[in-house]
Amino acid sequence: SLGWEGSDSQWRHYRRAYGLLAAFATPLVLSVHSVVSWDFAMALVPGWHSTLFAPFFVDGAIFSGFAMVLILVLPMRHFFDLRAYVTDRHLDMMAKLILVTGLVLTYFYACELFTSWYSGEHIEKASLFWRLTSTYWWALFTMYFCNCVSPLILFWKKARTSPVILYVVSILVLIGMWFERFNIIVPSLGHDFYPYTWGIYVPTVTDSTIIIGSFAWFFLLFLGFIKVMPSLSVVEVKETLPPPMKEAAHGGHH
């Protein structure tokens with residue numbers, strides 16, 4: 001379409017444009033998550049005023065992003081029989097990325113705890129102690145378990161190519177990342193500098209239905225998309241074919 005003949009020059013220009021767009025997209029992703037994190041870091045709220053937030057958010061986005069990809073890809077791989085295209089090598093590489101970003105995230109969690117304790121700021125120490133021991137302690141330790149402990153099984157090579165283990169770990173990672181956002185927002189705003197503003201957040205029915213509805217809306221759109229559109233990029237699949245098959249697919253054009 002639009003004059004595409006599959007010639008060598010067109011493939012060469014396509015790959016060059018693909019690389020340039022990828023090069024532009026990478027700093028865009030970094031800048032978007034950094035700016036969002038600075039919105040938090042510039043606020044004078046206990047637990048937010050930290051220079052770690054920019055790399056913390058970027059790493060968390062990569063970490064949860066790959067987990068979300070696995071949650072979507074693994075059922076498609078199973079039900080659509082895409083094992084020839086989504087191979088064990090792909091699963092292994094994605095699992096390694098989840099493991100590495102999970103270890104980096106664990107390091108940021110440790111830095112966050114250490115700086116809050118070592119800073120000498122009484123409010124930061126009080127906020128940290130309240131997070132660890134008070135109302136929302138369970139949310140904090142759920143986050144630590146899901147984001148720091150559960151990915152450690154991916155050190156085991158068989159786990160990195162096991163769809164069941166990868167699926168369970170990916171679900172735990174997304175649960176942990178949801179609780180990370182919860183721990184950033186709720187305890188910090190519920191226990192800030194002014195005692196007369198302290199409070200306990202209890203989700204309402206409206207809050208719960210909004211969350212459930214957002215998940216339902218996403219999966220509805222996703223399932224509708226893979227129903228009417230190719231679930232794999234046809235161009236990228238053709239790039240993996242040997243040259244004679246690629247030429248045959250385009251009628252022998254060079």
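Below is a table of values for the structure above.
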{"read-out": "Net dipole in debye of the chain [+1 Lys, Arg Cβ; -1 Asp, Glu Cβ; about Cα centre; nearest 20]", "value": "660 debye"}
{"read-out": "Efficiency of FRET from Cβ geometry, A84 and V32, R₀ 25 Å, rounded to 0.05", "value": "0.10"}
{"read-out": "Positive-end residue, segment 33-202 charge dipole about Cα centroid, Cβ charges, pick of F63, A95, F182", "value": "A95"}
{"read-out": "Sorted peptide list for 183-189, 52-58, 225-231, 120-126, criterion being average Cβ within 10 angstrom, highest first", "value": "52-58, 183-189, 120-126, 225-231"}
{"read-out": "Most to least packed among 66-77, 156-167 [average Cβ atoms within 10 Å]", "value": "66-77, 156-167"}
{"read-out": "Helix-derived mean residue ellipticity, 222 nm - over the chain, DSSP H n ≥ 4, -39500 (n - 2.57), to 500", "value": "-24000 deg cm²/dmol"}
{"read-out": "L72/D8 FRET efficiency (R0 45 Å; Cβ-Cβ; nearest 0.05)", "value": "0.85"}
{"read-out": "Cut-off 20 Å (backbone N to label point 7 Å along Cα→Cβ of E112), residues of segment 191-221", "value": "191-193, 199-202"}
{"read-out": "Leading residue at positive end of dipole, segment 47-151 (Cβ point charges), from A110, V149, G47", "value": "V149"}
{"read-out": "Peptides 134-141, 201-208 ordered by average Cβ neighbours within 10 Å, highest first", "value": "134-141, 201-208"}
{"read-out": "Contour excess over end-to-end distance, with Cα ends at S119 and D39 and 0.36 nm allotted per residue", "value": "26.7 nm"}
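Every number in this text was worked out from the coordinates using simple rules, so none of it is lab data. On a predicted model such as this, the values are computed, not experimentally measured, just so you know. Backbone-built Cβ (ideal geometry, glycine too); neighbour counts: all protein chains shown.
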